Amino acid sequence: MDFNAELDRALNALHEEGRYRTFIDLERRAGFYPRARRVREDGTEQDVTIWCGNDYLGMGQHPAVLQAMHEAVDATGAGSGGTRNISGTTVYHKRLEAELADLHGKEAALLFTSAYIANDATLSTLPKLFPGLIIYSDALNHASMIEGIRRNGGQKRIFKHNDLSDLRAKLEADPVDAPKLIAFESLYSMDGDFAPIEAICDLADGFGALTYIDEVHAVGMYGPRGGGVAERDGLADRIDIINGTLAKAFGVMGGYIAASDKMCDAIRSYAPGFIFTTSLPPAVAAGAAASVAFLKEDQELRMRHQQAASVLKLRLKGLGLPLIDHGSHIVPVHVGDPVKCKMISDRLLDDFGIYVQPINFPTVPRGTERLRFTPSPVHDPKMISALISAMDELWSHCALNRADLTA
């Protein structure tokens, strides 16, 4: 085989379809987020405003987080020095797990290096703990959940997105005594829609199933203490396993599950993705713990975050753009074509200093390509006005008329 030719073929296919992804080199500056400095390919620099970041609340630059990380670095150095089982567990890791367990009202929490690994490792391990387990997975679950379920070697059922009738039918079709688990997300990041959590919990109770919820795009931002949508709706006690991230609203890095002490202990003991991975650096754990603790008490950031999302959606609707609005903080604008989606993204960046990454297949289905805006409390009115003006100009001119894009 001509390996280089095969690589060329694979990469060219992405270019031809218009969904080849490029890195945008950015220099984040503490105290200035969402502003950053972009380094172009020719070496010149450009000031940009980031509109697609996952640092939803700007906690990646918060003084409480930075101070905790500085103190931990000075006290312990850079890395953890090992896996959690072999010298890589510190007081910082234990403190963070305690904060997370308290956040979700669970007995315990277990840290991973990312929420992707937490989902993959946990969902792929559960059938080892519960032989014959059948996992019922929402059709729009994140890739990390899909991969964990695929790799576990057990049975799976895919139910239509947020379709309770389809979920019930699939539960009824399987043996009554088979162990079951329903896996879903609280907030789906591409459309910004919420799961019917209470109804899913009711079905789980009726069929004796465990519940597994991914709160990655909700922790820190919803609920009286930032425990996510399940906390907001008073349902956290009905969820058996909660997955979350420290890399979005909390502004640092890492992922976790929160569950019963026995569940966390079993995953800790059996999941290769946990056992054989070097633990988070102590400074990262310290910063994340400070962020979680701060957001348990702070309501203003959550309120300002929702206000910014509401204002942006209102102004985009005023332009007549095809906005997908399910009432969450996620603001997707439907384009429906990968080439045009990237074209708008490129023009926003090059001409206006506005960075929003195009979202194409396989992240979303073909024909549903979009620009996904993530407003934050630190996006001020002037930034919102600049974005609205740029979108209006690009949508109205540049051969990108509304009729063409929404057809």
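The values are calculated or read from the model by the stated rules, or taken from the named source; none is laboratory data. Note that the structure is predicted; figures quoted are calculated from it, not measured. Note that we place each Cβ from the backbone using ideal geometry, even for glycine, and neighbour counts take in every protein chain shown. Quick note on the areas: whole protein, heavy atoms, side chains included, nothing else; ligands and nucleic acids left out. Shrake-Rupley method; radii C 1.70, N 1.55, O 1.52, S 1.80 Å.
Heavy atoms only, 1.4 Å probe, whole protein assembly: order 65, 176 by accessible area, highest first.
These residues rank, largest area first, as 176, 65.
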So what does residue 291 come to for accessible area, using a 1.4 Å probe and Å² rounded to 10?
-> 0 Å²
Heavy atoms of residue 366: accessible area, 1.4 Å probe, square angstrom to 10 | 130 Å²
Ranking by accessible area, most exposed first, for 260, 345 with a 1.4 Å probe | 260, 345
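Give me the percent of Cα-Cα pairs in the chain that sit more than 28 Å apart, rounded to a whole number.
Of all Cα-Cα distances in the chain, 51 percent exceed 28 Å.
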Would you mind telling me which residue in 86, 354, 200 has the biggest mean-square fluctuation in a Gaussian network model of the chain, where springs connect alpha carbons within a distance under 10 angstrom?
-> 86
Residues in segment 218-258, backbone N under 15 Å from the label point at residue 129 (7 Å along the Cα-to-beta-carbon vector): list them, ranges by number please.
-> 239-244, 256-258
Computed over segment 278-327, the Cα gyration tensor eigenvalues, each multiplied by 5 and square-rooted, give semi-axes in Å (largest first) of 35, 15, 7
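Grab the other residues whose beta carbon is less than 12 angstrom from that of residue 10, score K and R as +1, D and E as -1, and report the net. Please report the intermediate quantities before stating the final value.
On the way: positive: 9; negative: 6, 8, 16, 17.
Its environment carries a net charge of -3.
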Once phi is turned into θ = phi - 60°, what whole-Hz ³J(HN,Hα) does the Karplus curve with 6.51, -1.76 and 1.60 give for every residue of segment 66-79, x standing for Gly and Pro?
-> 5, 4, 4, 5, 4, 4, 5, 4, 5, 7, 10, x, 7, x
Taking every DSSP bridge whose two residues both lie in the chain, the antiparallel percent to the nearest 5 is 60 percent
Once amide hydrogens are built 1.01 Å from N within the peptide plane, the residues lying 5 or more places from residue 185 or on another chain with amide H under 5 Å from its amide H are 214
Check residue 247: other-chain or 5+ apart residues with amide H under 5 Å from its amide H, H built from backbone geometry?
-> 252, 254
Could you work out the Rg to Rh ratio of segment 42-94, with Rh taken as the Kirkwood radius (inverse of the mean 1/r over all Cα pairs)?
-> 1.16
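About its Cα centre, what dipole magnitude does segment 269-407 give when the only charges are +1 on Lys and Arg Cβ and -1 on Asp and Glu Cβ, stated in debye to the nearest 20? Show your work: numbers first, answer last.
Numbers: 14 positive and 13 negative charges, 53 e Å.
Dipole of segment 269-407, to the nearest 20 debye: 260 debye.
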Does anyone have the angle between helix 3-17 and the longest principal axis of the chain? Alpha-carbon axes, 0 to 90°, nearest 10?
-> 60 degrees
Mind grabbing the accessible area of residue 76 for me, 1.4 Å probe, Å², rounded to tens?
-> 60 Å²
According to the square roots a ≥ b ≥ c of the eigenvalues of the Cα gyration tensor, what is the shape class of segment 1-130, taking rounded for a/c under 1.5, prolate for a/b larger than b/c otherwise, and oblate for the remainder?
-> oblate
Hz values of 3J(HN,Hα) by residue in segment 334-339 - Karplus curve (6.51, -1.76, 1.60), Gly and Pro given as x | 6, 10, x, 8, x, 5
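Hand me the trypsin sites (Lys or Arg not before Pro) from segment 126-160 located in a DSSP loop with no more than 16 other Cβ atoms within 10 Å, in residue order please. Each step should come with its number before you reach the end.
Details: sites: 128, 150, 151, 156, 157, 160; in loops: 160.
Filter output for segment 126-160: 160.
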In degrees rounded to 10, the 0-90 angle between helix 381-396 Cα long axis and the longest Cα principal axis of the chain is 70 degrees
What is the mean projected area of the alpha carbon convex hull for segment 198-267, to one decimal in square nanometres?
-> 4.9 nm²
Could you sort 201, 52 by accessible area so the largest value comes first, with the probe set to 1.4 Å?
-> 52, 201
Cα gyration tensor shape for segment 126-219, rounded if a/c is under 1.5, else prolate or oblate | oblate
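Is there a quick way to get the dipole size of the chain? I mean about its Cα centre, with the Cβ of Lys and Arg at +1 and of Asp and Glu at -1; what is the value in debye to the nearest 20?
Details: 42 positive and 53 negative charges, 20 e Å.
Once rounded to the nearest 20, the dipole reads 100 debye.
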What translational D, rounded to a whole number of µm²/s, comes out for segment 252-397 from Stokes-Einstein when the hydrodynamic radius is the Kirkwood one over Cα pairs, at 20 °C and 1.002 mPa s?
-> 117 µm²/s
